[in-house]
Each structure stands twice: as structure tokens, then as C-alpha cells.
Amino acid sequence: MTVLSRAIEAMIFASQEPVGEASLRDFLEQNGASPEDLPQMIAEISARYDGHGIELVSVAKGWQFRTCVELASMLTTVVERPRRLSRAAMEALAVVAYHQPCTRAEIETIRGVALNQSVLDALLGDDLIVPRGRKEVPGRPVLWGTSGKFLSAFGLVDLNALPRREELLVEPVSAEAPDEDGIAPVSEDGPT
Amino acid sequence: MTVLSRAIEAMIFASQEPVGEASLRDFLEQNGASPEDLPQMIAEISARYDGHGIELVSVAKGWQFRTCVELASMLTTVVERPRRLSRAAMEALAVVAYHQPCTRAEIETIRGVALNQSVLDALLGDDLIVPRGRKEVPGRPVLWGTSGKFLSAFGLVDLNALPRREELLVEPVSAEAPDEDGIAPVSEDGPT
Amino acid sequence: MEMPGGGDGVIPAPHLCLDGFEGPLDLLLDLARAQKVDLARISILQLVEQYLTVVEQARSIRLELAADWLVMAAWLAWLKSRLLLPAENAPDDDAEEAAGLLHERLIELERMRAAALWLATQPRLRDDVHARGMEENFREIDRTGLRVEVSALIGAYLSVMRRRNRRRHYAPVRLRYWTVTDAVAALRRLLNAPSAPGWQSLTALVPATETTQQAWRAAMAGALVAGLEMAKEGSVELRQETPFAAILLRAAETTTAIPHGEEI
């Protein structure tokens, strides 16, 4: 293992935020290596963490070490957890993610219900959504979009990592298909 | 490698401060393991980082991961944030530059305000001004002049590279001339 | 409370649990789901009937049912009536379109819910997974350097010298305008003239020496105040044809004013 790959590992490890590929390439270049080597180095580093409690993940267009998902339940007592988002907030967030940039009114139309201020506050408070200018209609309402923090929070490389719209409904339908064969469905409201 | 040792690795990684042995022992106990196993687990984790850019180290308060020392220097980037002189310091320096050698009292007279000691200290601290003997008047005040550092800091070959006073002051004097038309001048000695 | 399964053997309506629904579309979507068919093939008509039944029942228990639920209910009732029109009538385009739109909205809501569920299953940072807790900062800030420019030095020197010049030459401007007292005196001289004139313009009072605009205005103001003052005591008469026209004055008809004036 070269000094440079160790240095890249340390650089990513040291940071609390994802380290952008650009910084990593710059670092390689400044140290006389080719930026082209980055993918291979990343692969090497990543491989070395096989079986560790932490792993190298690609997130928000950068690299970050994170604890492995399967350890989540064991770590809950150790590290403070953020409050979970309500169902309404998750739905509103999904609408923003898929319809951005969109106004509050547009979110309300899609969800068919008024957007509670506390929901908006929760999303803003967690820096998951950010204003992206204003819509040029009467009242010039703010247009909302998802933030870099959103990508990082959900472990997404970029917005393309979200399931495509067409894919979204494929799963539930196939999951419900057996229901039609006379098997009692388990809905959220409980078994019938 | 056990899940527990991976969890301990993750726990130390995610913690915001070094993790004390007591917490680690508690953690093992809560998860049905013997606290006695801790030293061996630590040794295992530590061994897994052989040759990595990061190492597990024991500090006063517990265990933490840290970038290997020899990489730290490589990763360190020095950001230069040059200071600027305060307005008062720049003015005092300008007065010294054009009226040297001059005493503190002279600087004060020309600027029309008292010279704060901290301003003088700042100029001295940056080696921009140096003492040039004493004025043979009661109290024998120090005479100040600009230093060689002053010339290099401002990128001047010598003091003659500064615009001459006459070149500088032609404009402001003529600009103020009309004000004096028909109005009795009031000198520093008081109104006529 | 629970609604009994549809008597006509259609679809068993779901539990009526209004707290679980955020809004009318939410409830509609749940009803649609309960039909366990592809949303694309769902019968809007059936859905509308169920919705209206549920809302009707809910209303008897939950008086505070939000107004927009009822708006939706009213709209759906309208939609139902149009869709129920006998087949021989020309198809109602509006209703067809509205039903199509409702379809699309339900599908989009279903999609967004699926997206929300998908997001919820992603490992969430600081909840399921954690980043490095203790940041190591390799950035060193070097503040020993000095950023100075000759231009700033010269600028500083100039501002010192300007301040100094200003200090040396400062004198309050003394204004010597034609005053009201001057104007009264001039007016009396005019009225006491042997050939007491008729109507005179007030501007005639202003001495020719008041050349600048500011001085002339001050003098005019003085003349007007003097004129008004003397009109009040009855020694002159003032006249102005229209607003902003020239102000005219002459000695009052009663000649008593003149000796009175001489007392001053």
C-alpha cells in the first residue's frame, strides 16, 4: 500500500463531511501522482475495510467513512440520534425531491392537504431543503429544492440515485399482487 | 472477527470524544460479552489498522482513531491569511514615511488625534518602523523612521519610490481653495 | 369504528380511522388501495361512492372534520352525478377529464408515498449510520504575513492631510441676508415717499444687491413677512390675483398708517 493511498484514506477518515473527488484529485496531483489513479486507490482502500465496523461510501459526490448499517441497533445507545421525521415530513420531502424546484402550493396540491408549518420547519431545521429562487408568478413564492445535506443524510451519491419515478410504483403493485389471490392483505390499518 | 469488535470499532469511530474503557466494558456487558475480552478486542482492532493511514491510539480519556503522524504533515495545508493594517496604523505609518524622522507627538499633531500605544506597538511588532535617535528637545523623545522591512513589505526600492508630497498635495489644496473665497480663514491659532 | 363490509358484496371499506388520514386525497388513495386493483384500472365511480359514505359517517361523529374534506366530498358528488348520466347522453367531457385528473393525482400521491417509504428505508446518517465523530483538521492558518499596498499608504496619508487642511481652514459660513427689519424699513421709506405710488410689486422692494438665488429668496421672504406685518397693523394693503402671481401692495386708504409708522 502506497503512502499516497494511506494519505487519501487518512484524508477521508479525518473529515466529518464527505470529501469531494475534486479535493482528492488535487491532492494526488500536488503529490506528483496522476488524478486518474483515484478510482483504483478508492477501490483498494474500500477493500481494506472488508469486515471492519466502518466502510467507505460514496455520498453527495464525495467519499466518506461511515459505520456499517447492520451495527445500527448496537450503536443506538452510544451516539445521539436525531429526531425522526414524521410521515408528513417524509412525504413532503419526497415531493420536493421529485418535483424540485417546487413551491409550497405545489407540494400541497400533490399531497392533497395543507402543508403544516411545523413540517416545513422540520425539513428546514435539518437542512434537508433549501430555497432555490422564486417562481415568477403573482406573489413570487419561494421554490424549494433538496440540499447537499439531503444527499448526505440519506447516503445518496446524487439525485439520480433516487429510484426513477416509473420504478416507484412497480414494487408496491407486485408486492400486493398476491393479495388478489385471496391472501389477506396486511394494511397499515391492521389485518381485516 | 466478531460483530462486537466491529461495533466497538464503529463506536470509537463515531464518538465525538475519546471513548473511555469503562464505556467499552459496559457496552460489552450489555451485549452479553465479558468485559475481560476488551483488551483482546482492542488489540484485534488495532492490528487491523496495521499499514493503514489511521491508527487506534490510547489517550488520557480513552481510545480514539487518529491519522498517522507521518501523514499529518503531508495532509497539512497552510492557508495564508495575511493581515491588513488598521486604518489608524496605516495613517500613522504614512505620516512616519513622509515626515521621518518624527516623534510620536509630531505624528499626533499631524493626524490631529492621540496615537494609541497599541497602534505604535503593532507597527513596531511588524518591524515597519524603527527608532532613529532622539530629538534634542526637553524629554528627548524617540524619533521614528521607516525600516528596511517597510520597503520590502510595500515593494519599494527606496523611499524615493514613494510619490513626493508636493505631487500628492497639489490636488487637495486646490480643491479647497474656493471655500476660502470671501470667507475669513480660521487658523489653528483661533479665528481672526 | 369499523364499517361493515359492503352489503352489495363489492369491496370491504377500510377501517374508519380518520386520524390516520391527513386529507381527502389520502383517504381516497387508501380506499383505492382497499380495492386491491391496479390504480390505473380503478373505478372512480366506486371510489367516489365509498368516499362519500366514509365522510358522511365520519361527519356524524367528527363534527370538526376539516372543511377541505367536505369541499372534496362536494366535488366528488358532482363528479359522481356527471359520471352517472345515462349512456345515451353525449359523454360528459368535463367529468371524464376530472376523473382522469383525479386518477393522475392519486397515482402521483401513491408514487410520492412510495418515494417517502423508500427514503425511510435508506440508512439515515446519524441514525442508522454515523460519520467520524471527531474531526481532524489539517488546515493551518498562517497570519504572520502582512498585506499592504503603496496605494493604501498613500490613501492614508492623503486622508490625514485632507483632514488637517479642513481643520485649518474651517470657518462657519456667516450669512448676511436682507432681513425682515431691513424690509420693514424699506417699505416705510417707500410708503412715505412724497409721490405715494399705487400698486407696487413686492419684488420691487428687494434690493438689487441680493444677486444669488438663495439671497434673493431670503429677501423675498423678508419682504413678504414685512408686508403681512404691516397689513395687519393696517398701514398697507396686499393683493394677489392668483396663486403664485406677483404680490402687489400699496399704502392703505387711511393715511393714519403713515404717522403711526413714524413712531418706530
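General observations
- Mean separation of Cα pairs under 8 Å and 6 or more residues apart, divided by the residue count, gives segment A:3-75 a relative contact order of 33 percent.
- Hits among lysines - C-alpha to C-alpha of C:Lys80 under 30 Å, sequence gap 8 or more where chains match: C:Lys36
- Within chain B: Cβ-based charge dipole about Cα centre, in debye rounded to nearest 20 (Lys, Arg +1; Asp, Glu -1): 480
- Residue-by-residue Karplus 3J(HN,Hα) for segment C:134-148, coefficients 6.51, -1.76, 1.60, Hz, glycine and proline x: 10, 6, 10, 9, 9, 8, 9, 9, 9, 10, 6, x, 10, 10, 9
- Relative contact order, whole percent, for chain B stands at 12, derived from Cα pairs under 8 Å and 6 or more residues apart.
- Other residues lying with their Cβ under 13 Å from the Cβ of C:Leu238 contribute a combined charge of -1, Lys and Arg counting +1, Asp and Glu -1.
- Between A:Val157 and A:Ala60, the built amide H atoms are under 5 Å apart, and every one of these is 5 or more places off in sequence or on another chain.
- Restricting attention to segment A:1-155, close to 100% of DSSP beta bridges with both partner residues there are antiparallel.
- Distant-in-sequence amide contacts of A:Arg132, defined by a placed amide H-H separation under 5 Å and a gap of 5 or more residues or a different chain, comprise A:Leu143, A:Trp144, A:Gly145.
- Value in Å of the Kirkwood radius, where segment B:87-164 supplies the Cα pairs that are averaged: 12.7
- Positive dipole terminus of chain B, leading residue within B:Ala60, B:Ser34, B:Pro163 (C-beta point charges): B:Ala60
- Restricting segment B:63-169 to GluC sites (Glu not before Pro) that sit in a DSSP loop and have at most 14 other Cβ atoms within 10 Å of their own Cβ leaves B:Glu136.
- Cα-based reach from B:Lys149 at 17 Å (exclusive), listing lysines while leaving out same-chain residues under 8 positions away: none
- For segment A:74-168, the set of chymotrypsin sites (Phe, Trp or Tyr not before Pro) satisfying both a DSSP loop assignment and a count of at most 10 other C-beta atoms within 10 Å is empty.
- Label distances, nm, A:Leu159 versus same residue in remaining copies, Cβ-directed 7 Å point: 6.4
Coordinate-derived values only; no laboratory data. These numbers come from a predicted model, not from an experiment. A quick note on method: Cβ atoms are made from the backbone with ideal geometry, for glycine too, and the neighbour counts reach across all protein chains shown.
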